[in-house]
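Read through the structure below, which is laid out as structure tokens, and then see the notes.
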Amino acid sequence: MYKLIGVLCIFLLVQSEETITWKGNKKLHWGNFEGKPELNSDAVAITASGITYGFRSKSYSNSSKIIEYSTSVSAEFYPEKSWYIKERVNDTVLGHEQLHFDITELHARKFRKRIKEVKFSNNIKQELNKIYTEINESLQQMQNEYDNGSDYSRDYAGQIAWQKRIAKELKKYKKYEIK
């Protein structure tokens, strides 16, 4: 006999909320941004995205040793929390917002890589949570660096440099992409 343990950790996700999972061949469009714009904000658009993960593990009821586990990790876009001010955006801004979502996918791939490389103990839940926290800290740091390095899409050269950097990184972690 065995017991199953399952956990789902979600960043910015309510179960009934619509999400868009990152896919390399699908790009965001303004119709995906369904949230109400914050007209008092300095921002002209906001992308709400995050990493979700879940895991299942199996152990025998007479032993606390985990005998097998599976995980799922995805980069999600949250349309209802994402918004734009129609009169103030253009294709450059949309490209900037897409890259925020791409950065989220990059970190989802890094998370998948770390999961594949680590040898978990019986404390898999805590160990996964620790990795998840570290990945999210790195994700937030890169998102901030990106906004600063591209001046929120206003620095064209900075924006192009970041597009090249993220494309290169996504390619580097290609084998950790969900097919």
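The values are calculated or read from the model by the stated rules, or taken from the named source; none is laboratory data. These numbers were taken from a predicted model, which means no experiment stands behind them. Don't worry about glycine lacking a Cβ; one is built from the backbone with ideal geometry, like all the others, and counts go over all protein chains shown.
The requirement of being modelled with pLDDT under 95 and either part of a loop (DSSP other than H, G, I, E, B) or among the aromatic types (Phe, Trp, Tyr) (or both) is not satisfied by residue 70.
The residues on offer are 131, 124, 160, and the sole one that is over 21 Å from residue 179 (Cα atoms), modelled with pLDDT under 95 and among the hydrophobic types (A, V, I, L, M, F, W, C) is 124. Here residue 47 meets the list (1) in contact (Cβ under 8 Å) with a residue 12 or more places away in the chain; (2) within 20 Å of the chain's Cα centre (by Cα); (3) surrounded by fewer than 17 Cβ atoms within 10 Å (Cβ to Cβ) almost entirely, failing just condition (3). Among the residues here, residue 160 does not qualify as within 17 Å of residue 72 (Cβ to Cβ) and part of a helix (DSSP H, G or I). Identify, please: which residue in region 86-122 is polar (S, T, N, Q) and not in a helix (DSSP H, G or I) and is, among those, nearest to residue 41 (Cα to Cα)? Out of the qualifying residues, it is 90.
Regarding region 123-137, can at least one residue be identified that is over 18 Å from residue 51 (Cα atoms) and not in a helix (DSSP H, G or I)? So far as region 123-137 goes, yes, one or more of its residues are over 18 Å from residue 51 (Cα atoms) and not in a helix (DSSP H, G or I).
Scan 117, 105, 169, 97 and give me the residue that is modelled with pLDDT of 95 or more, under 30 Å from residue 57 (Cα atoms) and under 16 Å from the mean Cα position of the chain (by Cα).
Values: 117 fails: under 16 Å from the mean Cα position of the chain (by Cα); 169 fails: under 30 Å from residue 57 (Cα atoms); 97 fails: under 30 Å from residue 57 (Cα atoms).
Checking each option against the conditions leaves just 105.
Evaluate region 11-24: report whether one residue or more is outside any helix (DSSP H, G or I), closer than 18 Å to residue 142 by Cβ and either at pLDDT below 95 or touching a Leu at 6+ places or on another chain (Cβ under 6 Å) (or both). Full working, then the answer.
Step one: filter region 11-24 for residues outside any helix (DSSP H, G or I), giving 11-24.
With the extra rule that they be closer than 18 Å to residue 142 by Cβ, the set shrinks to 11-12, 22.
Keeping just the survivors that are either at pLDDT below 95 or touching a Leu at 6+ places or on another chain (Cβ under 6 Å) (or both) gives 11-12.
Yes.
Every condition in (1) in a helix (DSSP H, G or I); (2) of a type in the set (A, V, I, L, M, F, W, C); (3) under 22 Å from residue 23 (Cα atoms) is met by residue 178 except one, and the failing one is (1). Go through region 139-157 and give me each residue that's crowded, with 19+ Cβ neighbours inside 10 Å and part of a helix (DSSP H, G or I). Of everything in region 139-157, those that are crowded, with 19+ Cβ neighbours inside 10 Å and part of a helix (DSSP H, G or I) turn out to be 139, 142, 146, 153.
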